[in-house]
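One structure is given here, and the rest of the page talks about it.
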Amino acid sequence: MVLKTGIDDLVLRPFRGEDAGFYSRYANNCNIWKFMRDEFPHPYTYNHAVEYINDVCIPNKGYYFAIDYQGIAIGDIHIAKQTDILRLSGFLGYWIAEEFWGKGFVTEAVKTITRHAFDNLGLIRVFARVFANNTGSIRVLEKAGYEREGYFKNAIIKEGVILDQLQYAKLKP
Ligand SMILES: CC(C)(COP(=O)(O)OP(=O)(O)OC[C@H]1O[C@@H](n2cnc3c(N)ncnc32)[C@H](O)[C@@H]1OP(=O)(O)O)[C@@H](O)C(=O)NCCC(=O)NCCS
């Protein structure tokens, strides 16, 4: 399924095998890695991208999307459906290539995938967790209508530094 956004030439679409080249080149960036979980590799190789696209994205088409600008995968946005008693919630994650930062792309992508989660995926709550020093991502969530639910002190260790973490969520209207 391809999801249109409110920005020309920007869509969310399923990953394709041929995305691995651009995807790995854009993902191989310390400025992205430093705000991601350590499971996001660094350096990020072509094989990492192939593995991610094959294992996570292609079999689960409803939830993992390439952020596509003018036909090229420039980032990733996904909602990981939760299980058991949390099964009506989804966990949102995203990144976009540094050369496209500050154009409103991820704000638009978050609005679009959240609407999709409520309208088509049967979810009633989407939440995200963000490092307290990730001002850009916090701004994205606020602009997309997410509300702060919690502030967790000393929740993260990244590059040997202890950091606070914030949780944001949006509920189905
Ligand atoms: C965070 C990220 C997703 C934002 O994507 P984006 O497409 O640039 O976001 P947008 O352009 O929609 O909005 C960014 C907003 O944050 C603001 N912003 C960005 N960096 C900022 C900073 N250091 N201080 C203050 N504001 C900042 C921008 O000005 C903009 O707000 P505005 O529209 O009010 O001016 C992108 O920078 C990224 O991929 N970062 C690395 C990975 C990451 O952090 N992923 C999220 C993990 S929770």
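Brief remarks follow.
- Those residues of region 60-75 which are more than 9 Å from the ligand (Cβ to nearest atom) and either within 12 Å of the chain's Cα centre (by Cα) or within 24 Å of R139 (Cα to Cα) (or both), in sequence order: Y63, Y64, F65, A66, D68, Y69, A73, I74
- Residues satisfying the stated conditions in region 148-173, i.e. open to solvent by less than 100 Å² (accessible area, probe 1.4 Å) and without any contact (Cβ under 8 Å) to a residue 24 or more places away in the chain: E149, G150, F152, A155, G160, V161, I162
- Against the list (1) over 12 Å from the mean Cα position of the chain (by Cα); (2) within 18 Å of N29 (Cβ to Cβ); (3) more than 8 Å from the ligand (Cβ to nearest atom), the condition N134 fails is (3).
- Verdict on V140 being touching a helix residue (DSSP H, G or I) at 6+ places or on another chain (Cβ under 6 Å) and either farther than 22 Å from R37 by Cα or open to solvent by less than 80 Å² (accessible area, probe 1.4 Å) (or both): yes
- Any hit, region 87-101, residues being more than 9 Å from the ligand (Cβ to nearest atom), buried (at least 18 other Cβ atoms within 10 Å of the Cβ) and at negative phi: yes
- Single residue of I79, I74, I32, I7 found to be closer than 18 Å to A109 by Cα, surrounded by fewer than 18 Cβ atoms within 10 Å (Cβ to Cβ) and of a type in the set (A, V, I, L, M, F, W, C): I7
- Residue within region 114-130 that is within 14 Å of the ligand (Cβ to nearest atom) and on the phi > 0 side of the Ramachandran plot present: no
- Residue count for region 1-41, restricted to those that are within 12 Å of the ligand (Cβ to nearest atom), under 17 Å from the mean Cα position of the chain (by Cα) and not in a strand (DSSP E or B): 13
- Filtering region 106-122 to residues that are surrounded by 21 or more Cβ atoms within 10 Å (Cβ to Cβ) and of a type outside the set (V, I, T) leaves A109, A117.
The values are calculated or read from the model by the stated rules, or taken from the named source; none is laboratory data. What you are looking at is a predicted structure, and each value in this text was computed from that prediction instead of being measured. For neighbour counting, all protein chains shown are included, and Cβ atoms are generated from backbone atoms with ideal geometry for every residue, glycine included. We work out accessible area using only protein heavy atoms, side chains counted, and drop any ligands, DNA or RNA first. Shrake-Rupley method; radii C 1.70, N 1.55, O 1.52, S 1.80 Å.
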